[in-house]
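The values are calculated or read from the model by the stated rules, or taken from the named source; none is laboratory data. These numbers come from a predicted model, not from an experiment. Positions of Cβ are generated from backbone atoms using ideal geometry, with glycine treated the same way; all protein chains shown enter the neighbour counts. Accessible surface is based on the protein model in full, side chains and every heavy atom, while ligands, DNA and RNA are left aside. Shrake-Rupley method; radii C 1.70, N 1.55, O 1.52, S 1.80 Å.
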Amino acid sequence: MNDMTKQLLSMISDFDEKFEGAFNIREDSGCAGRQSSANIKITDKKDLPGIEIHIKPGTKGEKVYIPACVTHGDVNDLVYNDFYVGEDADVVIVAGCGVHSDSHAEARHNGIHRFFLEKNAKVLYEEKHIGTGNGKGEKNIDPVTDIFLADDAVMEMDTVQLGGVDKSLRKTSAKLGARAKLIVRERIMTDGEEYAKTDFDVSMDGEDSSVDLISRSVAKGHSYQEFLSTLNGKNRCSGHSECDAILVDNGTVNAAPALEASHVDAALIHEAAIGKIAGEQILKLRSLGLTEEEAQDRIIQGFLK
Amino acid sequence: MLQLKNITWSIPDGDEIIKGIDLNLDEGKLIVVTGPNGGGKTSLAKLIAGIETISSGNIIFDGEDITNLDITERAKCGIAFAFQQPVRFKGLTVRDLLELASDEPLSHTEACNLLGRVGLCANNYLNRELNASLSGGEIKRIEIASVLARKAKLSIFDEPEAGIDLWSFSKLVETFEDLRKQQSGTLLVISHQERILSIADKIVVIADGKVRSAGPREEILPSLLKDEMFKFCPMGKEESK
Ligand SMILES: Nc1ncnc2c1ncn2[C@@H]1O[C@H](COP(=O)(O)OP(=O)(O)OP(=O)(O)O)[C@@H](O)[C@H]1O
Ligand SMILES: [Mg+2]
């Protein structure tokens, strides 16, 4: 693996010269290292570029790393990764993507991830995005995530993108079985001319399924963000989505949440708030000795934590 | 240590709220400002802290003219202000706020001491977010603790009693008395509470944007309690004869 990949890996995960346990490192559309463990098997996909990750039923406390790095311009990486998580397993999956370009050419990663969680399986999925390099070439990341939760399965998805990515289109869909639970926490900060769009479509098919979707974003400079979400309640279920955005400078945010309930016992709630940082918050921190700029940074840092 | 020289403040394109106030605060004393609602107490405190800018006059702090210093600079000079209405933050914890206030990481013991002075237990509160989940009295007491954490030369508390329970209030009165005993800075407390008035070194009555009377507690308090002072309409304006 090249040095740029190492750098990117340390930014998007707890990589420190190596990973413990199962991992697959994707570098510029190739493979820069792979290891399976006794319970987690990683194999090439047969028909498409990408891998299959099979996690044995009952696997507990293991972590699997599947980061992807694009280290120079003129790479347009497309990958299909499928995760099969066995019954009663409880694991952490660390994905994440770093894209670097020092040239005029575009560097793009497009990862299509499908998650199949069997009954009562639990996954914490962490995904950090970062763009680096001063090239004029755009750095783009377009993740697609399709989630299938069997009865009683729980998936927690934590996504972070705090800058450097010129354009990102995130599409996430999920289908939930009975008592299945999906928790999504998204944090995005854009600046300059960056554009980020997220689009969630969650279908609560099973009885007593639930979803909690929390998005916090900051749009600085002239950046533009769109937030779309549709929660479909097709059974007795509970859905909550919350979109909180802070505008700085000339940032723009467009939030279009939708709720669709086709069952009398579907309880769906949406909360959205967009605005600049409250003046009194800045004043309070300034009265503690922070400058206006320091106060703003501290408030944003806390908000996106 | 603080001198206000004929300060006035008008809201932009609007009324004059502070109508020429002269005031001298002595080092290490507990000064209580009281007076009717809407009389201008909070406005005065904001002008001292630099949250609002005076329209005319001068503010001298520790011998230095701070009239043109902004809020950050005044904070750095040693002025701290506990808001009448505390501010809430999504994503900042009680610990974050106290550490920003004291400008250094706090040990658990230090945090316990600070919160203890307003009747809160650090174990329950340090990691709480300063969001809407905190009750009114809780956030008020955290606000007060954030000012105590600054160990400022001048600490201003705007109605610290508002919304807090009897026990925390007693604790607070004790805390003010301790601070005064230790001579650790000057305290300017805006209050309507007799118990706070009764520990004041000096009482200043503000009504209708002016100092109605000011002097040692022994002099002012009896007439305040006898209601002699308020031959005013509810806004504190003098009744026309
Ligand atoms: N920004 C503002 N715009 C308009 N009016 C203001 C503004 N700030 C203060 N005022 C008015 O100035 C007057 C004094 O307000 P201030 O908050 O200083 O009163 P106070 O003495 O602190 O009252 P209380 O005891 O109720 O806290 C009030 O009539 C208030 O409505
Ligand atoms: Mg007031």
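Data overview
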quantity	calculated
Rh (Kirkwood; distinct C-alpha pairs) - the range A:116-214, Å	14.3 Å
Inter-chain Cβ neighbour average for residues A:276-282, partner chain, 10 Å	3
Interface area, A with B, accessible, probe 1.4 Å, both sides summed, Å² nearest 100	1900 Å²
The protein assembly as shown - percent of accessible surface contributed by carbon and sulfur, probe 1.4 Å	47 percent
Inter-centroid distance (Cα atoms) of the range B:194-228 relative to the range B:127-187, Å	22 Å
Inter-site label distance for residue A:38 and residue A:144 at 7 Å from Cα along Cβ, in nm	3.8 nm
Amide H partners (placed H, <5 Å) of residue A:74, local residues excluded	A:105, A:106, A:107
Across B:5/B:226; A:45/A:167; A:60/A:128; A:63/A:234, pairs whose alpha-carbon gap is larger than 26 Å	B:5/B:226; A:45/A:167; A:63/A:234
For the range B:11-146, alpha-carbon Rg over 2.2 N^0.38 Å	1.20
Geometric extent, Cα atoms of the range A:28-129 - Rg, Dmax (angstrom)	14.6, 48
Peptide A:287-300, shielding by other chains (average Cβ, 10 Å cutoff)	6
C-alpha long axis of helix B:166-181 to longest principal axis of chain B, angle in °	80 degrees
For the range B:2-240, the spread of Cα positions along each principal axis, largest first, Å	55, 39, 34
Using a Förster distance of 22 Å, the FRET efficiency for residue A:173-residue A:240 (Cβ separation, nearest 0.05)	0.80
Packing-based order for B:180-187, B:149-156, using average beta carbon neighbours within 10 Å, highest first	B:149-156, B:180-187
In range of the label at residue B:174: residues from the range B:109-123 whose backbone nitrogen is under 17 Å from the point 7 Å along Cα→Cβ	B:112-122
Residue-by-residue Karplus 3J(HN,Hα) for the range A:74-91, coefficients 6.51, -1.76, 1.60, Hz, glycine and proline x	6, 10, 10, 8, 10, 9, 10, 10, 10, 10, 10, 10, x, 3, 6, 5, 9, 9
B:189, A:144, ranked by accessible area, largest first (probe 1.4 Å)	A:144, B:189
Proportion of all alpha-carbon pairs of the protein assembly as shown beyond 32 Å (%)	56 percent
Cut-off under 5 Å, modelled amide H: who pairs with residue A:33 long-range	A:25
Gaussian network model of chain B, Cα within-10 Å springs - most flexible of B:95, B:195, B:217	B:195
Those GluC sites (Glu not before Pro) in the range A:134-228 that DSSP places in a loop and that have at most 14 other beta carbons within 10 Å	A:193
Estimated inter-spin distance, residue B:19 and residue B:107, nm [label 7 Å along Cα→Cβ]	5.4 nm
In Å², nearest 10: area of residue B:161 left accessible to a 1.4 Å probe	20 Å²
FRET efficiency for residue A:263 and residue A:183, using Cβ-Cβ distance with R0 set to 30 Å, rounded to 0.05	0.90
Model label zone, residue A:252; criterion: amide N under 14 Å from point 7 Å along Cα-to-beta-carbon; scope the range A:194-226	A:194-197, A:219-226
Accessible area in the full protein assembly, largest first, 1.4 Å probe, for A:228, B:221	A:228, B:221
Globularity index of chain A, i.e. its alpha-carbon radius of gyration over 2.2 N^0.38 Å	1.02
Spin-label model distance (nm) - residue B:73 vs residue A:46, 7 Å beyond Cα toward Cβ	7.5 nm
Accessible surface, per residue, of the range A:3-279 when the full set of protein chains is kept, probe 1.4 Å, Å²	41 Å²
Average beta-carbon neighbours from other chains, 10 Å sphere, peptide A:49-61	0
Among the listed pairs A:175/B:90; A:139/B:90; A:46/A:197; A:284/B:202; B:29/B:171; A:197/A:276, those beyond 25 Å (Cα-Cα)	A:175/B:90; A:139/B:90; A:46/A:197; A:284/B:202
